[in-house]
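Scroll down for the structure; my scribbles are underneath it.
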Amino acid sequence: MTRRVTKAVFPVAGMGTRFLPATKSVPKEIMTLVDRPLIQYAIDEARAAGITEFIFVTARGKSALEDYFDLAPDLEAKLEASGKTELLDILQSTNMDSGAIAYIRQQKAMGLGHAVWCARRLIGDEPFAVILPDDVIAAETPCLQQMVDAYEGVGGCMVAAMEVPPEKASAYGVLDIEEDHGSLVRARGMVEKPAKGSAPSNLAVIGRYILSPSVMETLDEKKLGAGGEIQLTDAIAAEISAGRGVHGLRFRGQRFDCGSKSGFLQATVAFGLARPDLRDEFSRYLDDVYAMRKAAE
Ligand code: G1P
C-alpha cells in the first residue's frame, strides 16, 4: 500500500530572465495564458489530483504570488453587489483554504534540487509531488492525476516522461530505461542535461514528480551536479542506486514549455482555441493570418 500524496512543492523562485522586461516586476508564474496565470494551471492540476497542502518555494521579488492567492473580499463584494455572478464564480474558484498554502524562501539560487530541499521540514516523512509551473500540460485526465493512479501500483518515485527529438535531449533530465512497459517505464538511471550525443535515451523528464521523502536525505548532502547546481535528477537517480524503484510515466496530454517564449505563444494559441467563448473568432483570425502568409509566399 502506498501512502496518499497530499502535499505538493511548487518551485517558483526562478527570476524568469527569459521574459525580461515583463519579469522585472511580475513573477513569471503570474503571466497569463488567456486569462489565468501559469500558477493557477499548476494549482488546479494539483487540486484535481487530491493535493491539499501547497508549498511554494519563492524568492525575493515574488510577493505578487502571495497576493494572488489571498482572498479578495472587496472585489468579491463589488461583483456581488453588481450581480456579476459569473465573474464572482471565477474569482471564488481560485480561493484556497486558509492554511493550505505555505511559502518558503529559497535564499540562494542553487538549483532545482536545492529549491525542493528547502521544503523538507514541511514534507516530513511523506511522499510528495513536485510541479514545475513552467511545464503546462493540457490533458483530459490531468497529468498529476495520471501519475497518482500509476504510483498506487508501483510506489517509489515517479516522474512524468515524454519523448523528445534526440538533439533536444540535452535540455532535460533523461531516463536510462531498464524495462519499457509502454506507458510505464522502469529506470535504471537518470542524467541531468546530458552532453550532446550522450543521452541514454530520448525519454525526457517533464516537470511533474512524485517523490519518496528519502530524496530529501540525498539532497541534504548538497552535491553539485550539471551546471554547478544541486539537481533534483541526481537525487532521484540516487534512489535507483539505493535499490529503490523509479518509474517514468508517458502521460497522455500535450506539454507546453512555458519557460520559453515560443512555448508560451503556442500554449496561448492552444488554450485560446480550447475556450468556447473565444474559439470561433480566434480561429477565424488564425485562418486569416495563415491565408495572408500563404498569399505572400
Ligand atoms: C528542469 C529539470 C529537468 C527537466 C525539466 C523539465 O530543468 O531539471 O530534469 O527535464 O525541468 O522541464 P530546467 O528546465 O529547469 O532547466
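The values are calculated or read from the model by the stated rules, or taken from the named source; none is laboratory data. Given the structure is predicted, the values throughout are model-derived calculations rather than measurements. Neighbour counts are summed over all protein chains in view; Cβ atoms, including those assigned to glycine, are modelled from backbone coordinates with ideal geometry. In case anyone asks, the SASA skips ligands and DNA or RNA and just uses the protein heavy atoms, side chains included. Shrake-Rupley method; radii C 1.70, N 1.55, O 1.52, S 1.80 Å.
Kindly establish whether residue 279 is over 20 Å from residue 116 (Cβ atoms), more than 16 Å from the ligand (Cβ to nearest atom), within 19 Å of the chain's Cα centre (by Cα) and charged (D, E, K, R). In short, no. Residues in segment 190-211 that are within 15 Å of the ligand (Cβ to nearest atom), open to solvent by 40 Å² or more (accessible area, probe 1.4 Å) and either of a type in the set (Lys, Arg) or within 23 Å of residue 152 (Cβ to Cβ) (or both): 193 alone.
Screening 23, 52 for residues that are in contact (Cβ under 8 Å) with a residue 40 or more places away in the chain and either among the hydroxyl-bearing types (Ser, Thr, Tyr) or open to solvent by less than 30 Å² (accessible area, probe 1.4 Å) (or both) leaves exactly one candidate, 52. Looking at 261, 294, which is the one that is more than 13 Å from the ligand (Cβ to nearest atom), at pLDDT below 95 and of a type outside the set (A, V, I, L, M, F, W, C)? It is 294.
Taking segment 199-295 and the strands (runs of 3 or more DSSP E) fully enclosed by it, the elements with 2 or more residues that are β-branched (Val, Ile, Thr) are at 203-211. Restricting attention to segment 171-189, the residues that are open to solvent by 20 Å² or more (accessible area, probe 1.4 Å) and either away from the ligand (no atom under 15 Å from the Cβ) or under 19 Å from the mean Cα position of the chain (by Cα) (or both) add up to 12.
If only residues of segment 270-279 that are of a type in the set (A, V, I, L, M) and open to solvent by 50 Å² or more (accessible area, probe 1.4 Å) are counted, the one that is farthest from residue 28 (Cα to Cα) is 278.
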